[in-house]
Amino acid sequence: MKTLELEPLNEKKLHLLLVKKAYNEPWSVTSFPTTKSEPRTGILQRPSMAFCNMIRQLAEREKPDFVTDELGMRSAKEFEEDNPLVETFADLKVPFRAVEMDEFARSYLASSLEQKMDKRNEIIDAIQALSKKKRVSDADYRIDQLTAYGQYIQDQFEDELRDIEFGIRESWIAMGILKEADNIEKKKINGIHLCSPQHFEGLMNLLEMVDVDVTPITYKSELAGAEDETMEGITGLTGISSVEMTPVVKHPKNKKQSILFFLEEQNYASPFDVCVAYDAGFDIVVPYSNVSADNVTTLVQDAIFSRGVKGVKRTCFFIGGRDITKAREMANDVKTAMVKPFVTSVVVDPHGAFTTSAALVAKAEEALPAIGLDSLGKAKVLVLAGTGPVGQSVATLCAAAGAETTISSRSAERAKDVADHLSTDIYSIKGIQVSTPEEVQAALKKATLVFATGPPGAELVTKDHLDSVATNQILLDANAVPPSGIAGLKPSDDLRELASGKLGIGPLAIGDLKLKVQRNLLRDAREKSKGIYDDSSALDVARAILDELHVTGKTQPPALLVKTN
């Protein structure tokens, strides 16, 4: 017997059009009738030509990767051979699959129900027998006892039947839809599921709980010229063609708004980050200042429990601050405070450091071919004034990618302490003192990638340094306040030659990407509702943005400028 395991897709995103069918697909967990539906209406429980035409038009427009339908009481052969929709999707070359509760699971559950039904019938027989023996002194008392017991059994039966026919069956159907999506070799998948009206709301809620992006589709039916037909005229019509059905997006009532809780250890939250969060699509951004480890659990649990299991999926947390170590620790505190299934996403971007560093590293990677390198792992990285938040994150990303990485500070002790703190069992970062022009020059000679991450208005690399160091280099500056951290670099420069073999990337070129990264990172967190989004996640987003620009031809990969020394 298959096992019911309803889990979100791993590293994939499914957008599903949930289409309400014009009828409920016949299904029963037991071999005996469990509903009071009119038997004569069974002939109408099939897809009409009008419904098939609507589904074809919908599929032609949306181009789904797969379509699913409930198997119901049909056999697999009946589904394939007596189903007009099979031909529709065969013509469109779209996989069309039946999803249903596993037959062994259905039989097992049916046996439990049938035992309760047998017990109930046994009680009814006993009551009827006692009713014929009114002369028995305690007959009325025994009838009363049996009636109460029978009602108890009947209540259990109805509750169990309802749970199976809706909760359990809908879970099996949802699992079948997810398995079909998982078989598609794509990260972003589009699907259609044809759903019985009685399961429409339940299945939509269930799928949203496992991170499926659901668009509910109902339909509008119109008669074309058949209203005044007599009965004889109607039976003589081709009839079906006189009905037209068009899809209608059903907007859920009282759809919960997306809320971002901005947790900041400082006295106020950054207006920049608040604005970007709104631009990323959050309906509400709620900033909390002076947040610490002492109060973060209470804040998080108050937020997640207030919205319910479905609402928490539209709730996110953003960690600000200026200390990246504390920010990472707070992100872990937030995740620890969550209790399954009340789990959602956390974005970590202290003072914009993580999205800025991701943009710096992604732009550097993009530029490497210009100096003859094909990967970040082959670069020698120098992060000047690298003990601040951006510098530390840049060093971490570069070292994790395999680059030989060095950070500098005016203090040898400070550089070493930070480098040791950032180093792991997997990679090591070196810390050096750079406080004189000679020390700057010596450090530059060993680098192919140079990141200037110092304070605003501080020139770290002079014109003399550029002219005297022979190594071919990419130099990037995160500072938009003049003077530039790298002599001669203009804010809008994007791989402009500053000196022989020296290519510069300015803060505006980096800042434009940083803004897109932060917006997309927040949008991903809002839509996927799971995981911690940090500098590593931001770098993946930055790379994807640049790759898309190359694919669309909006930017061109850099050509080799000079021969590498």
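The values are calculated or read from the model by the stated rules, or taken from the named source; none is laboratory data. Given the structure is predicted, the values throughout are model-derived calculations rather than measurements. FYI the Cβ positions are ideal-geometry reconstructions off the backbone, even for glycines, and counts take in every protein chain you see.
Per-structure values
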read-out	value
Search result, residues across region 387-445 that are of a type in the set (Lys, Arg) and over 22 Å from His351 (Cα atoms)	Arg410, Lys416, Lys430, Lys445
Qualifying residues in region 414-432 (those that are acidic (Asp, Glu) and at pLDDT 95 or above) - the one surrounded by the most Cβ atoms within 10 Å (Cβ to Cβ)	Asp417
Where Ala98 falls short, out of the listed (1) assigned by TED's automatic domain parsing to the domain that holds Ile217; (2) more than 30 Å from Asp163 (Cβ to Cβ); (3) surrounded by 15 or more Cβ atoms within 10 Å (Cβ to Cβ)	(2)
Tally, over region 294-309, of residues that are under 15 Å from Val348 (Cα atoms) and in a loop (DSSP other than H, G, I, E, B)	0
Residue within region 273-292 that is touching a Gly at 6+ places or on another chain (Cβ under 7 Å), closer than 21 Å to Ala331 by Cα and modelled with pLDDT of 90 or more present	yes
Out of Ile184, Ile177, sole residue that is touching a residue at least 24 places away in the same chain (Cβ under 8 Å) and buried (at least 22 other Cβ atoms within 10 Å of the Cβ)	Ile177
Residue match in region 278-285 (condition: surrounded by fewer than 18 Cβ atoms within 10 Å (Cβ to Cβ), out of contact with any Lys or Arg (no Cβ under 9 Å at 6 or more places or on another chain) and not in a helix (DSSP H, G or I))	yes
Output for region 97-115, where each listed residue is under 24 Å from Asp82 (Cβ atoms), part of a helix (DSSP H, G or I) and touching a residue at least 12 places away in the same chain (Cβ under 8 Å)	Arg106
Residue check, Lys116 surrounded by 12 or more Cβ atoms within 10 Å (Cβ to Cβ) and basic (Lys, Arg)	yes
Contacts under 7 angstrom Cβ, first residue in region 419-434 being within 19 Å of Asp535 (Cα to Cα), partner among the basic types (Lys, Arg) and surrounded by 13 or more Cβ atoms within 10 Å (Cβ to Cβ), 6 or more apart	Ala419/Lys430
Sole residue being of a type in the set (A, V, I, L, M, F, W, C), surrounded by fewer than 20 Cβ atoms within 10 Å (Cβ to Cβ) and touching a residue at least 40 places away in the same chain (Cβ under 8 Å), chosen from Ala364, Ala337	Ala337
Any hit, region 489-504, residues being in contact with a Pro (Cβ under 7 Å, 6 or more places away or on another chain) and touching a residue at least 24 places away in the same chain (Cβ under 8 Å)	yes
Residue count, region 67-96 (criterion: under 18 Å from Gln45 (Cα atoms) and assigned to a loop (DSSP other than H, G, I, E, B))	7
Odd one out for Ser393, checked against (1) more than 27 Å from Ser529 (Cα to Cα); (2) touching a helix residue (DSSP H, G or I) at 6+ places or on another chain (Cβ under 7 Å); (3) in a helix (DSSP H, G or I); (4) not hydrophobic (A, V, I, L, M, F, W, C)	(1)
Scope region 340-356; condition touching a residue at least 40 places away in the same chain (Cβ under 8 Å) and part of a helix (DSSP H, G or I); matching residues	His351, Gly352, Ala353, Phe354, Thr355, Thr356
Unique match (being closer than 18 Å to Ser500 by Cα and touching a residue at least 12 places away in the same chain (Cβ under 8 Å)) among Ala447, Ala452, Ala478	Ala447
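Yes/no matrix, rows are residues, columns are (1) modelled with pLDDT of 95 or more; (2) within 35 Å of the chain's Cα centre (by Cα):
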residue: Phe451; (1), (2): yes, yes
residue: Glu459; (1), (2): no, no
residue: Leu476; (1), (2): yes, yes
residue: Ala480; (1), (2): no, yes
residue: Asp494; (1), (2): no, yes
residue: Lys502; (1), (2): no, no
residue: Pro557; (1), (2): no, yes
residue: Lys563; (1), (2): no, no
